[in-house]
Structures are given as structure tokens and as C-alpha cells.
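Take a look at the structure below.
Taken together, the values in this text are just the output of simple stated rules run on the coordinates, not laboratory data. Predicted model, so just to flag it, every value in this text is computed and none were measured. Here the Cβ positions follow ideal geometry from the backbone for every residue, glycine too, while neighbour counts run over all protein chains shown.
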Amino acid sequence: SYKLHYRSTISHNALGKPHHRGMAVYSSELWDEIRGKLSMFPGGSVNLVKQESGIAVLTVNNPDRMNAFSGTMMLELQDRVSQLENWKEGKGLIVHGAGGTFCSGSDLNAVRAISNPQDGMKMCMFMQDTLTRLLRLPLISVALVEGRALGGGAELTTACDFRLMTPSSEIQFVHKHMGLVPGWGGAARLVRIVGSQGALKLLAAALKVDSALAERIGLSDGVVATGAGTALAEAEHWLGDFTRGPAPVIQAIKKVALSGRERPLEDALRKEKEVFGTVWGGSANLEALARKSKHK
Ligand SMILES: CCC(=O)SCCNC(=O)CCNC(=O)[C@H](O)C(C)(C)COP(=O)(O)OP(=O)(O)OC[C@H]1O[C@@H](n2cnc3c(N)ncnc32)[C@H](O)[C@@H]1OP(=O)(O)O
């Protein structure tokens, strides 16, 4: 059995000052063994492009298998998230799939090979940890859903702050049809997005959620046009409204929204105070004061 480590996101350095230890759910001591297992199932890639604009694009790339996650792609995703955690200039992130579709979940060939309980638990913990860290990035993130987001792919969409869909795209938590429930943290996050009633309906009926229904229930935040490169450009434009401004301010906004979402009120207030201290009197704040801004 595996010990759960719901790690505090703050610890103390040698001088007793608080500092961040990362945003993980489980102890990283477990990862050597799990990484060894996942590396046995190769295929595809997870590509990251960090742009000058401060918006990065993460591409789930395994188009021959509708962007299903192989074992090595799970490993690559964790590495990409680590890179993004250390991106000081970053402000936003778009997660999308290659070849006009989002992601068909875990690679069923790998799933068949690790269908025993021990390996299933390892994969579940690894992906829960990675997707929690993805959602906790100090970047404003959006999943751009073209084509299908199925199973683990649907779970991946919930690990972003927002979701955009194309008119014909669909999100479907197909787990019930596979004799499963979400195991990448997707149920816990879905409840926070659409409420417990909504989540129960989507999971229990394994509903195909099209772009209109998704918008109505708050699963999607908007619809973008389809076409080669069009959807990505539109998503970037959409995200630009939220990422305009200096990186430290955008990152601070994400941090206070995240702590409000995840923490009990008093804890969230303390976190907000801590983050407020990082921007108060900072260069963006002083420049705004010097400009004598009016918000007409
Ligand atoms: C965490 C829990 C999970 O994620 S469990 C996995 C849940 N996902 C699934 O069950 C997806 C099963 N696949 C499908 O329903 C269909 O392939 C979907 C995605 C709807 C695409 O249909 P369609 O457009 O007709 O294409 P197709 O079936 O010919 O697929 C093209 C090739 O891709 C493959 N593929 C697709 N999904 C996966 C997957 N999850 N794992 C491994 N391979 C997958 C198909 O097998 C097919 O390959 P091939 O051309 O037959 O060699």
C-alpha cells in the first residue's frame, strides 16, 4: 500500500523563513519505481513551446492513437509541468492535442498491460500528482478542445483553469463504459467546476458533452472556430485578455484565485496577504501610482 502525502505547499528554510516546496500531492520518493514502470510503454510525445508573449503551448502529440497517453508521455508531461513551474516570465498556458483532436485518455495498450491493481494505483497517483501540479501552476491555463476529449483526456481538460471548445468538439467521461471511475483527479475537479449534481450526471450517464451543453453547465468558457491553426490562434487571443500585464502581477492573480479555490477561508486569507506582499510596492504598482491611473 502507498502512503498518501498531502504535502503542505509551504515549508521553512534553514532560517525559519517560509518558502514553497512545490505543489505536489504525493511524496516524490515514490516516483522512481513508477517512472520505471511507465517508461516500459513508449510512444508519442508531449511538446512544450514557451513563447515571448508569456503564453506557452503544450501539445499532447500521439495522433496515430487520437493522442492517447502512453507511459512515456505521462513521464514527459510531468517534466513539462516541472519546466513550467520554473518559468519566471510565464503568464498563460494553452493545452491542446495534435492533429485536430484533444486526447483519448490513457493508451489502452498500456492499460491492458498494467491492468493489475498495483500498477493501476501507481499510474493513478502519478497522474493525480502531475495534473494537480498542472492546475496549480502560477499561469492562467486553458484547455483547447478540438475533436474528442475522452476518459483521461476529459480529466486533463479539468486540470486547466478554463476550457474552450470548437463547435463540433465533445468532452466525455467514458470511464463508466470502461468499468472505471476517473483516477487522474478528474472527478474531484469536475465537482468544483460543474457542482456535485452536474458531475454526477456527467459521470453516471457518461454523457457526450457538446460545446453548447458544456457552455450551459459551465464546463466550457467559450467556443472558438475550427480550421488549421485557427482554433489555436483564437485561443491565444482569448487568453490574451487575461494575461495582458506584467508576469509577477498575472502570477499573483492566479495564486490568490487558486488559494481561494482550494483552501479554507482563513488559510486562503493568509495566503492572499502573503501574495499581496509580493506585488505591493512592486514596479508595476509604483508605475501605476506614478501614472495617476483613472479607471473610466
Ligand atoms: C484514465 C482512463 C482512460 O482514459 S481509459 C481510456 C478511455 N478512452 C477510450 O476508451 C478511447 C477508445 N477509442 C475510441 O473510442 C475511438 O478510437 C475514438 C477516440 C472515439 C476515435 O474514433 P475514430 O475517429 O473512429 O478513430 P479510430 O477508432 O479508428 O482510432 C484511430 C486509432 O487510434 C487508436 N486509439 C484511439 N484511442 C486510443 C486509446 N485510448 N488507446 C490506444 N489507441 C487508441 C485506435 O485504436 C485506432 O488505431 P488503429 O488505427 O486501429 O491502429
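Observations on the model:
- Residues whose amide H comes within less than 5 Å of that of residue 162, counting only those at least five positions distant or on another chain, are 141, 142, 143 (H built at 1.01 Å from N in the peptide plane).
- Our estimate of slack between residue 178 and residue 213, defined as 0.36 nm per intervening residue step minus the Cα-Cα distance, is 10.3 nm.
- Cα-Cα over 30 Å, subset of 91/208; 37/201; 176/254; 50/296; 91/296: 91/208; 37/201; 176/254; 50/296
- For the pair residue 112 and residue 237, a Förster radius of 45 Å applied to the C-beta separation gives a FRET efficiency near 0.65, rounded to the nearest 0.05.
- Note on the chain: with a GNM built from Cα contacts shorter than 10 Å, the maximum mean-square fluctuation among 61, 109, 47 falls on 109.
- For the chain, the fraction of C-alpha pairs more than 32 angstrom apart is 26%.
- Between 0 and 90°, nearest 10: helix 230-243 axis offset from the chain longest Cα axis: 40 degrees
- Under 5 Å, built H, 5+ apart or other chain: amide partners of residue 222: 165
- Its alpha carbons considered, region 96-162 gives a radius of gyration followed by a Dmax of 13.0, 37 Å.
- Taking the chain as a Gaussian network of alpha-carbon nodes connected by springs under 10 Å, the highest mean-square fluctuation of the residues 60, 81, 181 belongs to 181.
- Selected from 105, 195, 97 as most flexible by GNM, with the chain as the system and alpha-carbon contacts under 10 Å: 195
- Rounded to the nearest 10 degrees, the inclination of helix 186-204 to the longest alpha-carbon principal axis of the chain is 40 degrees.
- Neighbours of residue 166, meaning other residues whose beta-carbon lies under 14 angstrom from its beta-carbon, give a summed charge of -4 when Lys and Arg score +1 and Asp and Glu score -1.
- Taking the longest Cα principal axis of the chain as reference, the axis of helix 247-262 is set at about 60 degrees.
- Point-to-point label distance, residue 226-residue 27, nm (Cα→Cβ direction, 7 Å offset): 4.9 nm
- With θ taken as phi - 60° and the Karplus curve 6.51 cos²θ - 1.76 cosθ + 1.60 applied, the whole-hertz 3J(HN,Hα) list for region 136-148 is 8, 4, x, 10, 7, 10, 9, 8, 9, 9, 9, x, 10 Hz, x standing for glycine and proline.
- For the listed peptides 214-221, 116-123, a ranking on the average number of other beta carbons within 10 Å per residue, highest first, reads 214-221, 116-123.
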